[in-house]
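Here is the structure we will look at.
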Amino acid sequence: MCLRSSSYTSPKPCKHLADYKLRHAFNGYDSLQICLKTTPIGRTRVDNHNTKIPRCNFCNGYQGRLYICLICSSISCSTHILLHTQSKSGHDVAIDIERSELYCCLCCDQVYDPDFDKVVVSEQIKGSCPGRSNKRRRLDSGMELDLKKSKQLIAMRDGRAKSCYPLGLRGLNNLGNTCFMNSVLQALLHAPPLRNYFLSDHHNRDECKRRYGEKLCLLCEIGALVSAMFSGDRSPYSPAQFLYSWWQHSSNLASYEEQDAHEFFISVLDGIHEKESKVRNSSKDDGDCQCIAHRAFSGSLRSDVTCTICGFTSTTYDPCVDISLNLDTVNSSAAEKTGLSTLSGCLNLFTRAERLGSDSKLHCQNCQELRDTSKQLSISRLPLVLCLHIKRFEHSLIRKTSRKIDQYLQFPFALDMTPYLSSSIVRSRFGNRIFAFECENTDSSAEYEIFAVIAHSGMLESGHYVTYLHVNNQWYKCDDAWICEVDEGIVRASQCYMLFYVQKLLYYKANKDLSCNASVESR
């Protein structure tokens with residue numbers, strides 16, 4: 001593994017964690033290492049041998065998130081962890097028992113430390129080596145045997161299931177409130193065009209390093225991520241180098257605070273475009289750009305602005321890498337009664353003609369004066385990978401408030417986009433009298449299959465992102481480092497925030513190629 005340059009600027013780490021390390025160095029990490037336990041499915045958790053079931057010292061509860069203090073080893077639940085810190089000065093840093101992740105009690109947030117990450121990773125490596133289990137077995141007391149046997153049976157079952165998971169399914173460690181990043185990366189790295197591009201080494205890291213020096217490269221880090229995800233290793237991966245590289249590209253978003261998954265998605269695609277434009281000496285920022293981000297995700301929207309007096313229509317085309325949809329709650333009485341929306345309703349709302357207000361009069365080229373107008377959007381060109389962003393976060397400039405819309409959305413796994421194409425919309429507007437349409441793209445398929453769903457749970461200020469991936473006719477939930485099989489009912493019931501579809505022909509070809517790669521790996 002090559003040494004990285006430190007010429008970039010990373011965000012300032014958590015002050016309380018820095019203070020802890022100044023006072024205690026690595027004493028807490030070293031003492032904790034003997035308590036780390038790696039399960040057969042690659043998860044590392046804190047195994048406290050002094051108790052059968054860890055319980056909160058305040059409420060005696062054992063459900064939900066539990067944290068162990070790095071100073072006194074006291075266990076607290078998420079409700080009382082702040083109370084423990086307030087009652088004992090300097091006890092600011094704890095560890096999530098189930099996930100083995102650092103947690104700052106004063107910041108009320110996960111924090112990342114590369115030194116701690118090395119401790120966890122080294123334990124994962126030792127735990128995966130044969131011949132190490134006897135020593136750990138002798139450390140367990142006799143009173144824990146029954147509990148341990150039951151845990152082993154569950155772990156063996158989960159281990160067998162995980163060993164059969166398709167190639168590419170690998171958890172991503174949370175590096176300090178980075179669930180937004182992990183959820184988007186899981187979707188991006190399983191988008192067939194993007195995945196195939198990096199697996200085929202179209203962006204050669206060695207050549208990039210020779211040409212541009214040691215500076216962190218976003219494309220190189222994505223390539224390293226794809227290689228790690230599809231290496232066959234099932235233990236959770238820490239995308240720290242990618243995070244640093246993204247911080248360098250998006251310095252305004254460089255912090256340990258929770259970010260918006262959609263904003264991160266757009267930022268990554270911009271970073272890929274910017275880097276490939278430099279390599280290709282191209283400055284194109286429209287649908288004709290040949291960077292992998294635009295080849296995979298770029299489509300085109302048509303906007304028709306029509307004068308309500310003379311009927312003159314002005315048409316413009318704009319490239320897009322995703323489509324943002326409003327939930328059809330306001331304009332749907334059925335949605336108001338049932339508390340749910342449909343994706344078809346959202347798309348109909350997006351492509352419906354909208355009368356612009358009297359304060360938005362536009363100059364009509366035919367009338368040669370300001371006129372009331374109507375505007376209608378449609379899709380003139382479909383992308384290979386269709387990303388639909390559901391607007392769940394509402395911001396009011398007048399009230400200066402923000403809220404999350406918890407509306408349930410019904411969405412299909414197979415999607416036909418034909419009704420929303422410009423050809424269909426314009427023909428419908430003129431009573432189907434137009435039989436030939438200049439912008440109709442007959443080479444592009446309008447039939448899509450879903451392959452990823454990013455869902456958001458919780459509130460606006462303290463939510464959590466997970467990704468559901470559809471691989472080989474099975475749904476998998478990717479929750480940071482955790483991956484498990486789920487039924488499609490779980491996916492349908494989720495609060496979807498971003499939906500990823502791929503053209504049907506490409507979807508089936510990608511699954512076939514993935515199955516072939518998995519067969520080769522098993523040999």
* To do: Search the range 142-193 for residues being within 30 Å of L499 (Cα to Cα) and of a type in the set (V, I, T), and hand back the single one that is modelled with the highest pLDDT.
  => V184
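Assess whether L82 counts as being at pLDDT 80 or above and either open to solvent by less than 40 Å² (accessible area, probe 1.4 Å) or not in a helix (DSSP H, G or I) (or both).
Spelling it out, it is not the case that L82 is at pLDDT 80 or above and either open to solvent by less than 40 Å² (accessible area, probe 1.4 Å) or not in a helix (DSSP H, G or I) (or both).
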* Structure fact -> Within the range 377-394, residues in contact with a Lys or Arg (Cβ under 9 Å, 6 or more places away or on another chain), among the aliphatic types (A, V, I, L, M) and either open to solvent by less than 20 Å² (accessible area, probe 1.4 Å) or more than 20 Å from Q290 (Cα to Cα) (or both) come out as L377, I379
* To do: Might you check whether a residue that is assigned to a loop (DSSP other than H, G, I, E, B) and within 30 Å of V93 (Cα to Cα) occurs anywhere in the range 181-203?
  => no
* Structure fact -> Filtering strands (runs of 3 or more DSSP E) wholly in the range 425-523 for at least 1 residues that are surrounded by 14 or more Cβ atoms within 10 Å (Cβ to Cβ) and either modelled with pLDDT under 90 or of a type in the set (A, V, I, L, M) (or both) gives 447-458, 463-471, 482-486, 496-503
* Filter the strands (runs of 3 or more DSSP E) completely within the range 355-416 down to those with at least 2 residues that are over 30 Å from V491 (Cα atoms) and touching a residue at least 24 places away in the same chain (Cβ under 8 Å). => 362-364, 373-381
* Asked: In the range 55-79, which residues are open to solvent by less than 60 Å² (accessible area, probe 1.4 Å), of a type outside the set (G, A, S), part of a loop (DSSP other than H, G, I, E, B) and in contact with a strand residue (DSSP E or B) (Cβ under 7 Å, 6 or more places away or on another chain)?
  -> C56, L70
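The values are calculated or read from the model by the stated rules, or taken from the named source; none is laboratory data. Given the structure is predicted, the values throughout are model-derived calculations rather than measurements. Positions of Cβ are generated from backbone atoms using ideal geometry, with glycine treated the same way; all protein chains shown enter the neighbour counts. Note: areas computed on protein heavy atoms with side chains; ligands, DNA, RNA excluded. Shrake-Rupley method; radii C 1.70, N 1.55, O 1.52, S 1.80 Å.
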